[in-house]
Amino acid sequence: MNLLPKEEKFFDFLSQQSDNLTKAAAFLSAAVKKGSLEETDIKKMRDLEHEGDTLAHEITDMLNRTFITPIDREDIYSLANSLDDVLDLLNAMTGRVRLYKLDPRDEYFGQFIDLIDQATASLADAVKHMSDMKRQRRVLDYCIEINRLENLGDALREKAISHLFDNVKDPMLVIKWKEIYETAEGALDDCEHVAKQIESIMVKHG
């Protein structure tokens with residue numbers, strides 16, 4: 001019997017953080033399908049990013065006040081910050097599309113957002129089941145799916161940038177969209193990074 005019980009609320013906070021990330025990706029996907037990014041959309045994304053920051057700070061504060069944690073405290077801290085990194089990139093990418101006056105209906109941009117939407121949903125599912133070590137196989141399956149989506153993102157980046165150089169004559173437009181594509185692929189890279197952290201945690205505590 002544990003005389004000093006573990007604080008299990010960390011899993012709840014991490015789940016809230018991953019749900020907030022999923023909400024942001026779904027919101028961006030809906031805005032892209034709508035065909036426009038208005039100032040209200042930018043504000044909404046910024047609000048979701050601020051909520052992610054708040055949740056990450058709350059987790060850090062709880063770590064500072066908790067003696068025993070359900071998993072290693074450095075893993076909790078790293079996971080919270082890595083989830084926040086993904087949301088930061090989504091917020092930055094959304095703002096730049098608006099700032100650069102780009103058309104969000106761009107075919108490749110839409111495909112990137114769809115991959116990100118799927119990857120963040122799988123992340124949320126993985127985080128949600130982390131506290132149940134009996135479901136380790138399910139968690140790892142979600143992580144494998146994120147890896148698959150990231151590989152698709154790598155291939156899509158090459159295809160999208162190749163299309164830019166072959167078909168877009170305006171050099172400034174090439175520069176702008178190349179940055180957006182690379183940021184989107186970076187968000188998928190960060191999703192994969194979180195998945196690898198989760199895999200490491202599950203192996204360590206399985």
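Which one, Ser18, Ser122, Ser36, has the greatest fluctuation when you compute a Gaussian network model over the chain with C-alpha springs under 10 angstrom? Judging by the Gaussian network model, the answer is Ser36.
Compute the FRET efficiency between Lys34 and Glu158 as 1/(1 + (r/R0)^6), taking r as their Cβ-Cβ distance and R0 = 35 Å, and round to the nearest 0.05. The pair Lys34/Glu158 has a calculated efficiency of 0.80.
Within region 28-67, the GluC sites (Glu not before Pro) that combine a DSSP coil assignment with at most 12 other C-beta atoms in a 10 angstrom radius are Glu38.
To test your reading of the geometry: what angle, between 0 and 90 degrees and rounded to tens, separates the Cα axis of helix 9-34 from the longest principal axis of the chain? It works out to around 10 degrees. Exposed loop sites here mean trypsin sites (Lys or Arg not before Pro) with a DSSP loop assignment and at most 16 other beta-carbon atoms within 10 Å; the chain contains its longest site-free run at 7-100.
Per the Debye formula on identical point scatterers at the alpha carbon atoms of region 85-131, with no solvent, log10 I(q)/I(0) at q = 0.17, 0.21, 0.27 Å⁻¹ is -0.59, -0.79, -1.04.
Sequence-distant contacts, meaning Cα pairs under 8 Å at least 6 residues apart, place the relative contact order of region 1-137 at 43 percent. Given springs between every Cα pair under 10 Å in a Gaussian network model of the chain, which of Asp170, Asp141, Asp41 has the largest fluctuation? For the chain, modelled as a Gaussian network with Cα springs under 10 Å, the answer is Asp170. In the calculated pair distance distribution of the chain, what percentage of Cα-Cα distances lie above 32 Å? The share of Cα pairs beyond 32 Å in the chain comes to 21 percent. Annotation note: chymotrypsin sites (Phe, Trp or Tyr not before Pro) in region 64-101 located in DSSP loop regions with a Cβ neighbour count of at most 16 within 10 Å are Phe67, Tyr100.
Helix content alone sets the calculated 222 nm mean residue ellipticity of the chain: runs of n ≥ 4 DSSP H residues at -39500 (n - 2.57) each, divided across all residues, give -29500 deg cm²/dmol.
Bear in mind that the values in this text are calculations on the coordinates, not laboratory data. As the structure is a prediction and not an experimental result, all values here were calculated from the model. A quick note on method: Cβ atoms are made from the backbone with ideal geometry, for glycine too, and the neighbour counts reach across all protein chains shown.
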